Amino acid sequence: MKFCPQCGKPLETQFRDGKDRIQCTDQSNDCGYVFWNNPTPVVAAIVEHEGDIILARNAAWPETWYALITGFLEAGETPEEGILREVKEELNLDAEIVELVGLYEFHRMNQLIIAYHVRATGEIQLSEELVDYKRKKDHEIQPWAAGTGKAVQDWQAKRGIFNEVITFK
């Protein structure tokens, strides 16, 4: 952004509250806009379906990358509503929440991930965002080093599973 979304005046980077922040050049009471760049909330699901865990591959990812179902939390919905909506949209499955797995930072994407374990029923039909999926037993999944991989690692640890962490290549 080069111009203030509130008043249209130029934006500039200034030191504020301990960090460089993009803000409006008009810091009077008339505007005072500051771009805080707060993390975006994302919901994620460890989807249990017919005794297996479903990992999916996004159309934009390399062929070897499979991960959890994720999506952005939408305005006006709770994280629980958001993840159930995402499981329905991405896999066409009806789900129920088993447990909150945890909250995870994903600095590279400036996201806060809210991860759940869900049990799902129905027949899998992938959305246009996904191109493939795999079924894995809980002990067969190797957690990955960032983002939702940390949720997988914590979820497995609660079950006494301590698999080696991998790096996507």
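The values are calculated or read from the model by the stated rules, or taken from the named source; none is laboratory data. Since we're looking at a predicted model, the values are computed, not measured. In this analysis, Cβ positions are derived from the backbone assuming ideal geometry, glycine residues included, and neighbour counts consider all displayed protein chains. Protein only, heavy atoms only, side chains kept; ligands, DNA and RNA dropped before computing areas. Shrake-Rupley method; radii C 1.70, N 1.55, O 1.52, S 1.80 Å.
Structural remarks
- Label zone (Glu89, point 7 Å along Cα-to-C-beta; backbone nitrogen cut-off 17 Å) within the range 48-83: 56-60, 68-83.
- Looking at the range 73-162, the GluC sites (Glu not before Pro) that sit in a DSSP loop and have at most 14 other Cβ atoms within 10 Å of their own Cβ are Glu74, Glu77, Glu123, Glu128, Glu129.
- Candidate lysines for bridging to Lys136, where Cα separation is under 16 Å - those fewer than 8 sequence places away on the same chain excluded: none
- For the range 52-134, size of Cβ-based charge dipole, Lys and Arg +1, Asp and Glu -1, in debye: 280
- Positive-end residue, the chain charge dipole about Cα centroid, Cβ charges, pick of Ala146, Leu93, Tyr133: Ala146
- Within the chain, DSSP assigns beta bridges of which about 75% are antiparallel (rounded to the nearest 5).
- Charging the Cβ of each Asp and Glu at -1 and of each Lys and Arg at +1, and nothing else, the dipole of the chain about its Cα centre rounds to 660 debye.
- Computed [θ] at 222 nm, helices only, for the chain once each DSSP H run of length n ≥ 4 contributes -39500 (n - 2.57): -4500 deg cm²/dmol
- Gaussian network model of the chain, Cα within-10 Å springs - most flexible of Gln27, Gln156, Gln111: Gln27
- Taking Thr13, Thr40, Thr64 as the candidate residues, the one with maximal mean-square fluctuation in a Gaussian network model of the chain, Cα springs under 10 Å, is Thr13.
- Of the trypsin sites (Lys or Arg not before Pro) found in the range 1-59, the ones in coil according to DSSP and having at most 14 other Cβ atoms within 10 Å of their Cβ are Lys2.
- In a reduced charge model with +1 at each Lys and Arg Cβ and -1 at each Asp and Glu Cβ, the range 86-164 shows a dipole moment near 380 debye about its Cα centre.
- Rolling a 1.4 Å probe across the protein heavy atoms gives the chain an accessible surface of 58 Å² per residue.
- The chain, accessible surface, carbon-and-sulfur percent (1.4 angstrom probe): 49
- Nearest-0.05 FRET efficiency for Phe168 and Lys136, computed from C-beta distance (R0 22 Å): 0.90
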